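Laboratory data are not the source of any read-out in this text; all were calculated from the coordinates shown. Nothing here was measured: the structure is a model prediction, and the numbers come from that model. For neighbour counting, all protein chains shown are included, and Cβ atoms are generated from backbone atoms with ideal geometry for every residue, glycine included.
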Amino acid sequence: PLQRRLPKRGFKSHLLKYNAEVTLTDLERLGAAEVDLLTLKQAGLVGDLIKVVKVIKAGELKAKVVLKGIGATAGAKAAIEAAGGSIDATLAAKASAA
């Protein structure tokens, strides 16, 4: 059969080029009080094609940061709130749905 003769190939989503991850350490180095997608693009942390950004828990965050339109993992959300920051959930939900 033809499917046995052809080499197996993996699957890579074509939407991956529009998603990015940012760590807590990156947010600490950025030093901005309010962080949104435009701020991350101007700082060079994400590329120009990126539409959806998610903060992951890697490193530590000591500064107060307010995320607008950016999603976060459960661990990153807890770390941000422990540092006194917050996440604007309405914009993050729209960004993750897009």
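Filtering the stretch 1-53 to residues that are within 20 Å of G85 (Cβ to Cβ) and among the polar types (S, T, N, Q) leaves T23, T25, T39, Q42. Scanning the stretch 12-22 for residues that are surrounded by 12 or more Cβ atoms within 10 Å (Cβ to Cβ) and either outside any strand (DSSP E or B) or polar (S, T, N, Q) (or both) gives K17, Y18, N19. Entry remark, the stretch 23-63: residues being basic (K, R), surrounded by 12 or more Cβ atoms within 10 Å (Cβ to Cβ) and part of a loop (DSSP other than H, G, I, E, B) number 2 in total.
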